[in-house]
Amino acid sequence: MEQEKKDRISELTRISRERELTAEEQAERQALREEYLQSWRESVIGTLDNTYLVDEDGNKRKLPKKQ
């Protein structure tokens, strides 16, 4: 997610503390939040997909996926 979009989420949050957001602003903030969370989830999954566990004997094995 681009930094501009993250900044816009922060800006809308600041505005919401000062006044009630319009329906359009609320919808924009919600869409940006969902996009941010999707981006974050993809990043975490990518990190976990490249994570290996090393046992006492030095054997590497891929981190198993949770069911």
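Taken together, the values in this text are just the output of simple stated rules run on the coordinates, not laboratory data. Only a predicted model underlies this, so the values are computations on that prediction, with no experimental measurement involved. Please note: Cβ atoms are built from the backbone with ideal geometry, for glycine as well, and neighbour counts cover all protein chains shown.
The table below lists the values:
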{"quantity": "Filter pass, residue 24 being of a type in the set (Asp, Glu) and part of a helix (DSSP H, G or I)", "calculated": "yes"}
{"quantity": "Total residues in region 11-48, condition farther than 30 Å from residue 62 by Cα, hydroxyl-bearing (Ser, Thr, Tyr) and either loosely packed, with under 11 Cβ neighbours inside 10 Å or touching a residue at least 24 places away in the same chain (Cβ under 8 Å) (or both)", "calculated": "1"}
{"quantity": "Candidates 39, 16, filtered to the one that is within 19 Å of the chain's Cα centre (by Cα) and of a type in the set (Gly, Ala, Ser)", "calculated": "39"}
{"quantity": "Selection from region 9-31 of residues that are in contact with a helix residue (DSSP H, G or I) (Cβ under 6 Å, 6 or more places away or on another chain) and of a type in the set (Lys, Arg)", "calculated": "29"}
{"quantity": "Hey, residue 57 surrounded by 10 or more Cβ atoms within 10 Å (Cβ to Cβ) and not polar (S, T, N, Q) or not", "calculated": "no"}
